[in-house]
1. Look at residue 172 and say whether it is part of a loop (DSSP other than H, G, I, E, B), surrounded by fewer than 24 Cβ atoms within 10 Å (Cβ to Cβ) and either at negative phi or under 16 Å from the mean Cα position of the chain (by Cα) (or both).
2. Tell me which residues, restricted to the stretch 229-239, are surrounded by 15 or more Cβ atoms within 10 Å (Cβ to Cβ) and either in a loop (DSSP other than H, G, I, E, B) or free of Cβ contacts under 8 Å to residues at least 60 places away in the same chain (or both).
3. Go through the stretch 324-349 residue by residue and tally those that are outside any strand (DSSP E or B) and of a type in the set (Ser, Thr, Tyr).
4. Does residue 213 meet the test of being on the phi < 0 side of the Ramachandran plot, among the hydrophobic types (A, V, I, L, M, F, W, C) and at pLDDT 95 or above?
5. Here's a check for you: in the stretch 335-353, which residue that is in contact (Cβ under 8 Å) with a residue 12 or more places away in the chain and over 22 Å from the mean Cα position of the chain (by Cα) is nearest to residue 286 (Cα to Cα)?
6. Return yes or no: is residue 145 touching a Ser or Thr at 6+ places or on another chain (Cβ under 6 Å) and more than 30 Å from residue 210 (Cβ to Cβ)?
7. For the stretch 96-128, which positions are surrounded by fewer than 14 Cβ atoms within 10 Å (Cβ to Cβ) and not hydrophobic (A, V, I, L, M, F, W, C)?
8. With the requirement that a residue be hydroxyl-bearing (Ser, Thr, Tyr) and more than 16 Å from residue 48 (Cβ to Cβ), what does the stretch 349-389 give you?
Amino acid sequence: MKKVMIRSSLGLAVTLASTQLFASGFAINEQSISGMGVGFAGRSSSAEDASTVAGNPAGMARLKQEQFTVGAAGIYADSEIDHARSTLGGSNEGDMVPLVGVPMGYYVKPLDDQWAVGFGVYVPFGLATDYESGYAGRYWADKSVVKVITFQPTVSYAFNDKVSIGFGPTINRIEGELTSRTINAANPISGGDGQVKIKGDDTALGFNVGILVQATDKTRLGLTYHSKVDYKLDGDTKVRNLRARAALPAFNFKSDASLDLTTPESVDFSFTHELDDRWTIYGGSTWTRWSRLKDITVENSGSATATALGLGTITEEQNWHDTWAHAIGASYKLNKQWTLRTGFSVDQSPTNNHDRSPRIPSGDRRIFSVGAGYSPTDNITLDFAYSYLKEESVDVNLPSSGSTTNKGAYSATYKNSAHGFGSSLTYRF
């Protein structure tokens, strides 16, 4: 029997959940709306509300009142596909990222002048892409949905009024579903597309740890380490309408699937400097160790049909590289009720020109943000933010994979952009 190799990507889809959803569909920065307004500059040093649980747990020591912050962000991404060529034909409409909502919630309670405890629920990673059914590159990418939710109990300790530390173990729940297409061998037109759907989930532990230093009366410095997280996703692979030859009946089968995956650690350093009673400036840089991701391997077991068709082990080369993100921002206290914010950031993509696929058509990006905080009373603050992201144009150039994979050649130029909107409520007891 002629083998048909389907290079599905549960691992790829899940891994992308840890690069930037707001940056063309992958890791999510939106854990703080007040931080979003300044482009996430000062992420580990600002400590303006309870969302510091995620940004820097040491910042809880600065919050002298019991409080909670709840909010959500909405992200709308747009992709324009130009100069598309496919040996198998099809459409290239783009707009494969649906509107995505990102919720968040935090609580902080000071116990005394030194100790504080807190808890956070937020979405650090996510992926949602869905091409039209006749998309020309559907044999390389079709639909991917990945969701990660993190629960973080947290504690902080202030040594004095200058230095504090914080620590929070993270309980991370990940769920992924990937649908891909495969051309049936010998005669793809009469045989019709086959479909592969892979689902998996896992719960894994990590941690966040940080330090906050009041270097001068006007300047704070923050450093936060977000640990790697080791996942072992277990799920299943379902294959429908797969034909090894056009004259043979279609295969429909289900196989157990597993994937070992490590999402990378990151380090964030930032500063917050109060110029005067009205102006504050923020800056920061984040390093992420994406070079851990060399390849993705999915193991399918429990099905003799999967083994016979060459679907026992599926490996995809990634060869990602470490990335840096840099941000600068400012806020202006207009009066007692209103604070205005703005920020600008640049962010590298971990992908490379050789291995880039339509599932991750991501390039380096620039993000402009504005925001505002409104405090109608001393114990209530409403925060609002808007961000516009523009990526550099990137090329996808995938040669035909040969008779065993039968994907056909596909090339295109992607121009990605995104709009982000967010609001949150902070209540102090």
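1. no
2. Those that are surrounded by 15 or more Cβ atoms within 10 Å (Cβ to Cβ) and either in a loop (DSSP other than H, G, I, E, B) or free of Cβ contacts under 8 Å to residues at least 60 places away in the same chain (or both): 229, 236, 238.
3. 1
4. On the way: on the phi < 0 side of the Ramachandran plot: yes; among the hydrophobic types (A, V, I, L, M, F, W, C): yes; at pLDDT 95 or above: yes.
Spelling it out, residue 213 is indeed on the phi < 0 side of the Ramachandran plot, among the hydrophobic types (A, V, I, L, M, F, W, C) and at pLDDT 95 or above.
5. So in the stretch 335-353, the residues in contact (Cβ under 8 Å) with a residue 12 or more places away in the chain come out as 336-353.
Cutting the leftovers down to over 22 Å from the mean Cα position of the chain (by Cα) gives us 336-342.
Working: 336: 32, 337: 32, 338: 29, 339: 26, 340: 24, 341: 21, 342: 19 Å.
Among those residues, the one meeting the criterion is 342.
6. No, not satisfied.
7. Listed by number, the residues that qualify are 98, 101, 103, 112, 113, 114.
8. In the first step, residues of the stretch 349-389 are kept if they are hydroxyl-bearing (Ser, Thr, Tyr); the result is 349, 351, 357, 362, 369, 374-375, 377, 381, 386-388.
Listed by number, the residues that qualify are 349, 351, 357, 362, 377, 386, 387, 388.
The values are calculated or read from the model by the stated rules, or taken from the named source; none is laboratory data. Not measured: the values here are computed from a predicted model. All Cβ positions, glycine included, derive from the backbone under ideal geometry; neighbour counts span all protein chains shown.
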